[in-house]
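Engineer: Below you will find the structure I want to go over with you.
The values are calculated or read from the model by the stated rules, or taken from the named source; none is laboratory data. Because the structure is predicted, anything quoted here is derived from the model rather than measured. Neighbour counts are summed over all protein chains in view; Cβ atoms, including those assigned to glycine, are modelled from backbone coordinates with ideal geometry.
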């Protein structure tokens, strides 16, 4: 069976000779599954997100061993642009993910890069805004939105590329309770759409939506049996 | 009001032509009187584009110091004109010094005020305009990102400065030498912050398919209207006529 995302003996160290941050990780994400990865600060969660999304080794340096496969193809054989067509990643800080002065332009940026015809882009802008609960925000300036709205906009910008795999790297880290609830609701609806989701977080309450939880600690992964065990660990 | 709307709604490329004409005149012309005429024209155009007086005044204010410094330097190091203020045998303020300082400041004012006309278009429109002028999208996009991130950098510098002051560094009470040394301490966290933000931005851009293909589509295409041609063409012809009459 070909999995949407699979890591085979994945390892990573920042430079040659330094102790590895990730060691021989093996896991796969099934189609439509929500996999949560938790771990204490500094355990390598963001680095793992970078490896899963091909940012490592394609954009950032360091020494990556083993392999990450997207739909059976190694990320080493893909380009970031090719990866963007099947995988979307939302980062922690919305401030550095938004760079235009109008919401619609922000969402259109990805599809324009992928040469999507303009009339489809128009449709995707409305659909993405609807999905993240920001209808009527088309003409607004992203920099005048609240933190939660900015993060939802960053998510809308990724959704406009219509990726089948989504990675959320501590997307609620900068948000208040209301913003966190809204993002959680959106993730639930994306799960219902059948998208494959990997969410990385250190807040156990954020992971209720997950089908499976893995704990990243000391560079290795292990299964977490249930939510109670997770709360006890963290 | 309607006229302002028509002008602000101009194609960014037309505005760019306008800014280039005004800035070129500011560089080409040498006489203070002619530079004054161009500055007046620039101010009038800025008013037509609905540029507020306050930002213009705020930007112009910092040029007064340059004017004073230039006036003294030009008066001391050039001969000619009438001396108004003497320090022994040296003329500190002369008519020639004032004239040359006035010329320099007027040139700067023309560039600063005319550039504010560009701010009436959104960065996205400017990028689109430049792309349709066949300027590589990567280059145009970088310009837009720079415009977007400059205020963020300023904010970061202010935050670092506040953090320093909260640690008990009373900047106002420090002599200039030590104050400069404190400012140098700002550089490291600022550069680190900028590097980190640039990295995050680059990742977000790459992961949204930037440079996926040699071409890209645009859901919003700029189409110049007859008014754009009239304004742009009028400015170019006007510049030609003005220079022909003057020289």
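Engineer: Among the listed residues A:127, A:170, A:193, which satisfies the condition of being surrounded by fewer than 13 Cβ atoms within 10 Å (Cβ to Cβ) and closer than 28 Å to residue A:71 by Cβ?
Structural biologist: Selected residue: A:193, the only one of A:127, A:170, A:193 that is surrounded by fewer than 13 Cβ atoms within 10 Å (Cβ to Cβ) and closer than 28 Å to residue A:71 by Cβ.
Engineer: Related question: Hey, among A:111, A:163, A:135, A:118, which residue is within 11 Å of chain B (Cβ to nearest Cβ), farther than 23 Å from residue A:87 by Cβ and modelled with pLDDT of 90 or more? Before the answer, list the steps.
Structural biologist: Details: A:111 fails: farther than 23 Å from residue A:87 by Cβ; A:163 fails: farther than 23 Å from residue A:87 by Cβ; A:135 fails: within 11 Å of chain B (Cβ to nearest Cβ).
Just one listed residue meets the conditions, A:118.
Engineer: Moving to a separate point now. Consider residue A:37 carefully, then state whether it is in a strand (DSSP E or B), within 14 Å of chain B (Cβ to nearest Cβ) and in contact (Cβ under 8 Å) with a residue 40 or more places away in the chain.
Structural biologist: When the stated conditions are applied, residue A:37 does not pass them.
Engineer: Checking residue A:229 against (1) surrounded by 12 or more Cβ atoms within 10 Å (Cβ to Cβ); (2) modelled with pLDDT of 85 or more, only one condition comes out false. Which one?
Structural biologist: (2)
Engineer: Quick one: is residue A:143 farther than 19 Å from residue B:208 by Cα, within 14 Å of another protein chain (Cβ to nearest Cβ), touching a residue at least 60 places away in the same chain (Cβ under 8 Å) and out of contact with any strand residue (DSSP E or B) (no Cβ under 9 Å at 6 or more places or on another chain)?
Structural biologist: Numbers: farther than 19 Å from residue B:208 by Cα: yes; within 14 Å of another protein chain (Cβ to nearest Cβ): yes; touching a residue at least 60 places away in the same chain (Cβ under 8 Å): no; out of contact with any strand residue (DSSP E or B) (no Cβ under 9 Å at 6 or more places or on another chain): yes.
No.
Engineer: Would a scan of region B:213-225 turn up a residue that is surrounded by 14 or more Cβ atoms within 10 Å (Cβ to Cβ), within 14 Å of chain A (Cβ to nearest Cβ) and under 25 Å from the mean Cα position of the chain (by Cα)?
Structural biologist: Taking every residue of region B:213-225 in turn, at least one turns out to be surrounded by 14 or more Cβ atoms within 10 Å (Cβ to Cβ), within 14 Å of chain A (Cβ to nearest Cβ) and under 25 Å from the mean Cα position of the chain (by Cα).
Engineer: Let me ask something else. Working only within region A:52-86, note down all residues that are assigned to a loop (DSSP other than H, G, I, E, B) and more than 12 Å from every other protein chain (Cβ to nearest Cβ).
Structural biologist: Across region A:52-86, the qualifying residues are A:62, A:71, A:72.
Engineer: Tell me, please, whether a residue that is more than 9 Å from chain B (Cβ to nearest Cβ) and under 13 Å from residue B:204 (Cα atoms) can be found in region A:93-101.
Structural biologist: So far as region A:93-101 goes, yes, one or more of its residues are more than 9 Å from chain B (Cβ to nearest Cβ) and under 13 Å from residue B:204 (Cα atoms).
Yes or no, residue by residue, for (1) loosely packed, with under 12 Cβ neighbours inside 10 Å; (2) within 14 Å of chain A (Cβ to nearest Cβ); (3) modelled with pLDDT of 75 or more:
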| position | (1), (2), (3) |
| --- | --- |
| B:50 | no, no, yes |
| B:68 | no, no, yes |
| B:76 | no, no, no |
| B:92 | no, no, no |
| B:115 | no, no, yes |
| B:120 | no, yes, yes |
| B:148 | no, yes, no |
| B:156 | no, yes, yes |
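Engineer: So if I check each of B:132, B:128, which one is under 28 Å from residue B:25 (Cα atoms), touching a residue at least 40 places away in the same chain (Cβ under 8 Å) and more than 22 Å from the chain's Cα centre (by Cα)?
Structural biologist: Step by step, each of B:132, B:128 is checked, and only B:132 is under 28 Å from residue B:25 (Cα atoms), touching a residue at least 40 places away in the same chain (Cβ under 8 Å) and more than 22 Å from the chain's Cα centre (by Cα).
Engineer: Limited to region B:191-203, what total is found for residues that are in contact with a helix residue (DSSP H, G or I) (Cβ under 6 Å, 6 or more places away or on another chain) and more than 7 Å from chain A (Cβ to nearest Cβ)?
Structural biologist: 1
Engineer: Take residue B:238 and decide whether it is within 14 Å of chain A (Cβ to nearest Cβ), surrounded by 13 or more Cβ atoms within 10 Å (Cβ to Cβ) and in a helix (DSSP H, G or I).
Structural biologist: In short, no.
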